[in-house]
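Read through the structure below, which is laid out as structure tokens, and then see the notes.
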Amino acid sequence: MKRAVILLSGGLDSAVALWLAKSEGYELFTLSFEYGQRHNKELNAAEALAKAAGATEHRVVSINIGQWGGSSLTDMNMEVEDGDVNRTDIPVTYVPARNMVFLSIAASYAEAIGACDIFIGVSQADYSGYVDCRQTFIDAMQNAINQGTVMAAEHKRHITIHAPFISMTKSEEIKLGLSLGVPFDLTWSCYRGGENPCGKCDSCLLRARAFSEAGIDDPALKS
């Protein structure tokens with residue numbers, strides 16, 4: 001069976017990516033990161049999702065890129081600002097080069113287990129302005145990975161980065177997830193990480209808009 005590494009944050013996007021990989025017949029190897037974020041809600045969700053999907057292996061890599069600050073997701077001296085779904089600037093929740101780091105480690109993991117496929121649930125159509133959620137970035141990372149791994153450069157077993165939602169809106173993604181049987185009730189998206197989602201940060205607002213546009217109640221908000 002062909003193997004795939006799935007970057008699994010525990011949020012909505014990565015959950016749909018995981019179930020999509022599952023539907024395409026991949027053996028699932030999920031990868032999450034403890035990178036100095038202010039809460040572990042998503043990590044707990046990722047573990048639950050990996051188990052529910054029947055992943056062969058679920059790994060959590062500790063790499064504290066948050067120690068030098070620069071993001072309200074990792075710097076406790078910064079506040080997570082209230083969201084704005086119409087923003088055009090880069091929000092303070094952007095973690096410097098996060099997806100670049102994550103994909104580099106995913107490539108190392110993929111080469112070690114002989115996987116030629118990496119799944120990441122980013123979108124440039126419906127996101128918070130992050131530069132590492134764009135097709136140009138994904139293309140550049142795929143090229144770098146295939147230049148810098150023996151599996152690809154020497155043995156011609158090229159690694160493909162799958163970003164299946166790159167041009168999808170979140171509402172389209174949710175509809176796809178429902179058709180795949182994604183347990184959205186297990187996911188966590190809120191940046192603030194309280195007992196319940198805050199409903200005010202960018203991630204909460206984007207998620208709420210997406211479920212509304214899809215005409216579906218968010219199962220994670222049901223009591």
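Coordinate-derived values only; no laboratory data. The structure displayed is predicted, hence computed values, not measured ones. Quick reminder, even Gly has a Cβ in these numbers, built from the backbone with ideal geometry, and neighbours come from all protein chains shown.
Things worth noting here:
- Efficiency of FRET from Cβ geometry, Gln135 and Asp89, R₀ 22 Å, rounded to 0.05: 0.60
- Over the chain, relative contact order from alpha-carbon pairs under 8 Å, at least 6 apart, %: 24 percent
- The distance from the alpha carbon centre of the range 152-194 to that of the range 1-67 is 10 Å, rounded to a whole number.
- Exposed-site-free run, longest, the chain (rule: GluC sites (Glu not before Pro); DSSP loop; at most 16 other C-beta within 10 Å): 82-153
- Point-charge dipole on Cβ atoms (K/R +1, D/E -1) for the range 3-221, about Cα centre, debye to 20: 340 debye
- Positive-end ranking of Val60, Ser14, Gly194 along the dipole of the range 3-221, with charges on Cβ about the Cα centre, is headed by Val60.
- For volume of the Cα convex hull per residue in Å³, the candidate list reads (i) 127; (ii) 112; (iii) 101; the entry that matches the value derived from this model is (ii).
- Annotation for Glu27 and Glu57: the two label points, set 7 Å from Cα along the Cα-Cβ direction, are 1.0 nm apart.
- Extension gain for the segment Lys222 to Met100, taken as residue separation times 0.36 nm less the Cα-Cα distance, is 40.4 nm to one decimal.
- Estimated FRET transfer efficiency when R0 is 35 angstrom, pair Ala112-Asn196 (beta carbons, to 0.05): 0.35
- Residue pairs, from the table Lys2/Lys156; Lys170/Lys200; Lys2/Lys22; Lys175/Lys200; Lys51/Lys222; Lys22/Lys51, whose Cα atoms sit over 20 Å apart: Lys175/Lys200; Lys51/Lys222
- Volume per residue for the range 100-223 equals 125 cubic angstrom (convex hull of Cα atoms).
- From least to most packed, judged by other beta carbons within 10 angstrom and beginning with the fewest, Trp19, Trp68 follow the order Trp68, Trp19.
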